[in-house]
Amino acid sequence: MLEVKNISCGYGKRTVVENVTFTLGMGELLCLLGPNGVGKTTLFRTILGSLERICGEILLNGEDVRQLNLRHLARKIAYVPQAHTPPFPFRVIDVVTMGRTAHFCVFSSPTTKDVKIAEDALRTMNIEHLREKSYTEISGGERQLVLVARALAQQAELLVMDEPTSNLDFGNQIRVLDHIRAVVRTQQVSVILTTHSPNHALAYASKVAIIGRDKSFAVGAPEEMISEQYLRETYRVEAELFGIHTRQGKNVRFCIPLSSRGAKSSDYVESPQYAESLH
């Protein structure tokens with residue numbers, strides 16, 4: 001379990017984010033929402049240990065992450081960046097096997113076991129067909145899946161993902177998020193990811209944390225945190241929340257931005273089944 005207790009973080013004497021408190025258990029996916037420039041990346045860097053926190057505690061299974069050396073921390077927390085292009089055209093299997101680095105002995109090479117773990121990660125992400133392809137020549141969506149596979153090969157307890165669907169088309173966004181949710185459920189890892197899409201948080205998150213323009217911080221269930229007022233205050237757009245009952249038998253909530261001309265809620269007619277599914 002990850003426990004973040006009253007932390008403040010920033011650069012030198014400049015505090016960027018303060019009074020952040022939340023917990024994340026095994027098998028939970030937390031989406032971090034907020035406009036650009038409010039400190040999401042700063043918070044991530046602090047959790048990852050690359051930025052010294054100003055105050056507070058960050059505990060992973062009761063251990064203060066500040067007391068862990070880098071190798072031990074890398075076995076606990078894996079990071080998936082927005083994008084990554086290596087300087088050399090490594091094979092996909094080589095990129096994923098790099099996730100095993102924290103488990104290597106000094107000056108050692110990947111063992112047969114390490115390669116098998118990497119292959120299992122490819123299989124989990126359903127991209128084993130990319131094994132021998134050059135990482136620099138596959139699509140953006142495929143690269144993101146490879147980065148997630150690399151993090152899985154690391155066998156960490158917590159995955160931290162910085163906008164994993166950034167710059168992906170609609171189909172690849174859904175594929176990446178579907179795979180991440182499946183990993184959370186089947187392997188019981190904990191995931192924190194940032195997204196600029198409230199609909200992603202509504203569809204995939206078990207918890208949502210928000211950083212407001214005033215740097216306020218709050219965490220709760222997606223349906224509690226994402227409201228029309230929140231969307232208005234945070235993103236400065238008018239939007240409506242709807243609920244539908246899908247063909248798969250699921251109740252789904254989603255938001256629709258209104259016209260920039262200032263359309264009001266009364267301009268739209270909500271069907272009775274939509275209204276009922278919201279309650």
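From the set of residues in segment 75-89 that are under 23 Å from residue 159 (Cα atoms) and assigned to a loop (DSSP other than H, G, I, E, B), which is modelled with the highest pLDDT?
The residue in question is 81.
Look through 60, 51 and report the one residue that is in the same structural domain as residue 230 (by TED's automatic domain parsing), on the phi < 0 side of the Ramachandran plot and touching a Cys at 6+ places or on another chain (Cβ under 7 Å).
Within the list 60, 51, the selection yields 51.
Any residue in segment 36-53 that is modelled with pLDDT of 90 or more, more than 16 Å from residue 190 (Cα to Cα), assigned to a loop (DSSP other than H, G, I, E, B) and of a type outside the set (A, V, I, L, M)?
No: segment 36-53 contains no residue that is modelled with pLDDT of 90 or more, more than 16 Å from residue 190 (Cα to Cα), assigned to a loop (DSSP other than H, G, I, E, B) and of a type outside the set (A, V, I, L, M).
What pairs come up if the first residue lies in segment 187-207 and is more than 17 Å from residue 162 (Cβ to Cβ), the second is acidic (Asp, Glu) and surrounded by fewer than 21 Cβ atoms within 10 Å (Cβ to Cβ), and their beta carbons are under 9 Å apart, counting only those six or more places apart or on different chains?
Qualifying pairs under 9 Å: 202/223; 206/28; 207/28.
Of the numbered conditions (1) of a type in the set (A, V, I, L, M); (2) outside any helix (DSSP H, G or I); (3) surrounded by 15 or more Cβ atoms within 10 Å (Cβ to Cβ), residue 202 satisfies every one except a single condition; which is it?
Single failed check for residue 202: (2).
The values are calculated or read from the model by the stated rules, or taken from the named source; none is laboratory data. Source: prediction; values computed, not measured. Methodologically, a virtual Cβ is constructed for each residue, glycine included, from the backbone with ideal geometry; neighbour enumeration extends over all protein chains shown.
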